[in-house]
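Here, each number is a calculation from the coordinates, and none is a lab measurement. Everything quoted here is computed from the prediction, not taken from an experiment. In this analysis, Cβ positions are derived from the backbone assuming ideal geometry, glycine residues included, and neighbour counts consider all displayed protein chains.
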Amino acid sequence: MVTDGLRFEPESPLTDDLALLFARHTAEMHADTPPESIHMMPRTALASSTIDFFVLRDSGKPVGMAALKRLDGDQAEIKSMHVLAETRGNGLSRLMLDRLIDHAKGAGLIRLVLETGAQPSFSPARALYTAAGFRECPPFGDYRPDPNSVFMAQALA
C-alpha cells in the first residue's frame, strides 16, 4: 500500500533523523553475512559527489533510503537500499526501486548493477530485483566472486 504522504527525494545521508535507518541497515547486513562479504558503504562515504542519495519519507518520517553510485561510463550501482522492517510488505521497496530506475534513466544512464546477499534472508531483495527486470551477472567493478554475494544488472536503454 502506498499512501499520499510519501516523498522520495534527494537528501544528505548525514541528516540527523536518518540514524535509525542506518542502524537497522547495518544490523541487517551484519546479521548473517561474514564481515569480508559485507559491501555496504559507511554513512559518511555516501555523502559524495558521485552518489545520489534518496530518502523515502512517510508523512515526514524517514522509512526508507537508497543510493545510486555512479561508476565509470554510463552505469551506476544501487547501494544501501533499505526499508524499515515495520513498513515492509506495503510496496515501498518497489516504489523506491522504480523511482531509482526512473532517476537513472533521466540521468542518461544505460545500465544499473547491484550486489546483494546470497543468504536466505536476502531472498525478498533478490525477488524484488528480479521482478523489476534485473538478472544475475558476473561481478563488476572491484567486486570478486563471493559465495555470499549475488550480482545483478539491468539494461536501461
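Listed values, structure above:
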quantity	calculated
Residues of type aspartates and glutamates that Lys61 reaches as a straight line, Cα spacing below 16 Å, ignoring anything fewer than 8 places off in the same chain	Asp4, Glu9, Glu11, Asp16, Asp17, Glu86
nm² value of the averaged projected area, convex hull over the Cα atoms of the range 1-88	6.7
Calculated diffusion of the chain, Stokes-Einstein form, Kirkwood radius summed over Cα pairs, 10 °C and 1.306 mPa s, µm²/s	100
Efficiency of FRET between Phe140 and Arg24 - r from beta-carbon atoms, R0 25 angstrom, step 0.05	0.40
Among Met152, Pro139, Thr33 - extreme Cα towards positive end, dipole of the chain, charges at beta-carbon	Met152
Reachable lysines, given that their alpha-carbon falls under 22 Å from the alpha-carbon of Lys69 and they are not under 8 places away in the same chain	Lys79, Lys105
Unit charges on C-beta of K, R, D, E only; dipole of the chain, Debye	220
